[in-house]
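Have a look at the structure below before the remarks.
Just so it is clear, none of the values below were taken in a lab; they were calculated from the coordinates. Remember, predicted model here, so these are calculated numbers, not experimental data. Note: ideal-geometry Cβ built from the backbone for every residue, glycine included; neighbour counts use all protein chains shown.
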């Protein structure tokens, strides 16, 4: 199964001191083998990505617990707050996750009452995944 087919992935972003912070995230496929998700421009994830585009992505459950027998995939993230990639992420997330989008937006709003504005899904994150190195068996070719 492709990583973009997963319902949730653990996305690890990196602080300035190189410590990884993993968060469960929805994910959607984009063109050219890229994947995407959205986040808030007020989130820690956004701030970490603004400083360091390096990420790892690994299939997980909705709590961020990685699935057994899966391997993290390295990637490079780009922030998209407008344009075709942002529009594609918005459309695909709404299509894939349906009513959950409205439910999570409601809880996001309630959770931030009295704390000032906290935009919901106003930034698209486009990840270009690293191509895994071929295993020794496939690199050698057929015998």
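Report summary: the helix-based calculation at 222 nm, which adds -39500 (n - 2.57) for every DSSP H run with n ≥ 4 and divides by the residues of the chain, gives -8000 deg cm²/dmol. Just to confirm the number: angle between the C-alpha axis of helix 99-111 and the first principal axis of the chain, 0 to 90 degrees, nearest 10? For 99-111 against the chain, the angle is about 50 degrees.
Residues 40, 18 in ascending order of nearby Cβ atoms (within 10 Å, fewest first): 18, 40. Shown here: the stretch 1-61, whose C-alpha atoms stretch 33, 21, 19 Å along the first, second and third principal axes, sorted largest to smallest. The distance linking the stretch 1-55 with the stretch 76-103 is 13 Å (Cα centroid to Cα centroid, whole angstrom).
Computing Cα Rg over 2.2 N^0.38 Å directly from the structure and comparing it against (1) 0.98; (2) 1.39; (3) 1.12 singles out (3). Between residue 7 and residue 103, the distance separating the two model label sites (each 7 Å from Cα on the Cα→Cβ line) works out to 1.0 nm.
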